[in-house]
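Please treat every number below as a calculation from the coordinates, not as lab data. Model, not experiment: these values are computed from the prediction. Every residue, glycine among them, receives a Cβ derived from its backbone with ideal geometry; neighbour counts consider all protein chains shown.
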Amino acid sequence: MSKRIGLEASHAVAEAVKMADADVIAAYPITPQTHIPERLAEMVANGELNASYLPVESEHSALSACLGSVSVGARTFTTTAGQGLELMHEVVYVASSMRFPVVMAICNRALSAPLSVWADHSDVMAVRDTGWIQVFCENNQEAFDLTLWAFRVAEDPRVLFPAMVHLDGFSLSHVIEPVILPEQSEVDRFLPKFQYPFALNPDKPVTHGAFGPPDIYSEAKVAQEVAFRRSKEMILQGWKEFGDIFGRYYSPVERYKVEGAKTLLLTVGSLSETAKIVIDERRAKGESVGLVRLRLWRPFPFEEFRQAVKDTEVLIVFDRCISHGTVAPVFCEVRSALYDEEKKPNVVGITGGLGGRDVSVNDFGYVIDRGVEIAEKGSQRMLETVGIRGEMVGIRG
């Protein structure tokens, strides 16, 4: 029988890795991710998890070790945050190109400088085009569920791509919420044993990741892209199977009180729950507003996203990252996804919550009001922000 207990998201992730019966964990501690490898190391040391824990000297080494363990058929997990993900950056590309289904939890953290250990999405956006399946968690239950789901999808022989599970640092990683933990028998029914079809075997030696000259590199990358786009079918199937067993169904794009809404706010990650409060208040006053939450980041869910926003007039995209010298990344992605649509909303982008700065209910109220104003009157600002002090908000393109 499932049980409901209080867990911070970091420990919820660790519980999912334990119940997935991972074989190898290679991770290096970094704030605010440290609680995940600490808890997993404790589980291994106490005999709760029969796995090898590799205490490596850096994040680059951590992911490199993971590639070695997956290549011989071991179910493998790692975790990092912010600067650690950047130190991994070189190896991140190798994992996806080699079709190594590592699962990695990332406690999202702002990138330096100035030095910050608090959450925004600059680390996510730095790796958005690296060929990993990527999903965002809204709360601690999703941190557990999506970690478990990530093993199921990444290791599917029809997929074989690594997966990132993004959870906002501190606001999820260190905050205790009720989490439903299933029976091990249910997990075993959902998640089959990992059988990597290309596992290295000394009796049948092969070459992995050899030098790719110009006459083969292009075909290799296009083949990778074709396979990556096809993974979406198994992503959706994995969520369906998860819901059938555990009773919680997930979608690439989630909608909240969107019925008849002329204005939609689009959010990503844990701040979606704060945004819901504003939507509740505005709907209670009779305002025609709703919320769209983007869960699947890569591969981007074009069809589901377009369907979710097709009947609205104004779409306000809230970003937690600056793309220096251009428009914000989620806004850019969303506007591009709608470019060829005959019927599409007026898309407005506003950025906030950088470096862990609080985004309050009132702030989201401003985001909605300012977004509607921009849609009606336009704006001369290349960067629209909320919560920035002084005249710095007046950045012009």
Principal axis dimensions, the range 14-58 - Cα atoms, whole angstrom, descending | 24, 18, 16
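Normalized C-alpha radius of gyration of the range 253-393, against 2.2 N^0.38 Å? Please report the intermediate quantities before stating the final value.
Details: Rg = 14.0 Å, N = 141, 2.2 N^0.38 = 14.4 Å.
Ratio of Cα Rg to 2.2 N^0.38 Å: 0.97.
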Order by protection proxy (mean Cβ within 10 Å, highest first), peptides 32-44, 270-282, 329-341 = 32-44, 270-282, 329-341
Under 13 Å, Cβ to Cβ, from P301 - net charge with Lys/Arg +1 and Asp/Glu -1 | +2
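How many percent of the alpha carbon pairs in the range 117-222 exceed a separation of 16 Å?
Counting every Cα pair in the range 117-222, those more than 16 Å apart make up 72 percent.
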What is the Cα coordinate range of the range 88-161 on the first, second and third principal axes, sorted by size from largest, in whole angstrom?
-> 42, 31, 14
For the chain, find the longest principal axis of its Cα atoms and tell me its angle to the long axis of helix 214-246, 0 to 90°, nearest 10.
-> 80 degrees
The size of the Cβ-based charge dipole (Lys, Arg +1; Asp, Glu -1) of the range 253-393 about the Cα centre, to the nearest 20 debye, is 140 debye
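Ranked from highest to lowest mean number of other Cβ atoms within 10 Å per residue, what is the order of the peptides 164-171, 232-239? Please report the intermediate quantities before stating the final value.
Details: 164-171: 26.4, 232-239: 19.2.
Answer by packing, highest mean first, reads 164-171, 232-239.
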Taking every pair of alpha-carbon atoms in the range 267-341, give the share separated by more than 14 Å as a whole percent.
-> 66 percent
Report, please, the projected area of the range 324-365 averaged over directions, based on the convex hull of its C-alpha atoms, in nm².
-> 4.1 nm²
Return the inverse of the average 1/r over all pairs of distinct C-alpha atoms in the chain, which is the Kirkwood hydrodynamic radius, in Å to one decimal.
-> 21.7 Å
Longest to shortest principal axis, alpha-carbon extents of the range 18-136, angstrom | 40, 30, 26
Taking the chain and counting helices only, DSSP H stretches of n ≥ 4 at -39,500 (n - 2.57) each over all residues, the nearest-500 ellipticity at 222 nm comes to -13000 deg cm²/dmol
Near the amide H of Q134, under 5 Å away, which other amide H atoms are found, from residues 5 or more places off or on another chain, if H is placed in the peptide plane?
-> M164, W297, R298
Run the dipole for the chain about the Cα centre, Lys and Arg Cβ at +1, Asp and Glu Cβ at -1, nothing else charged, and hand back the magnitude in debye, nearest 20.
-> 600 debye
In whole Å, how far is the Cα centre of the range 57-108 from that of the range 175-217?
-> 12 Å
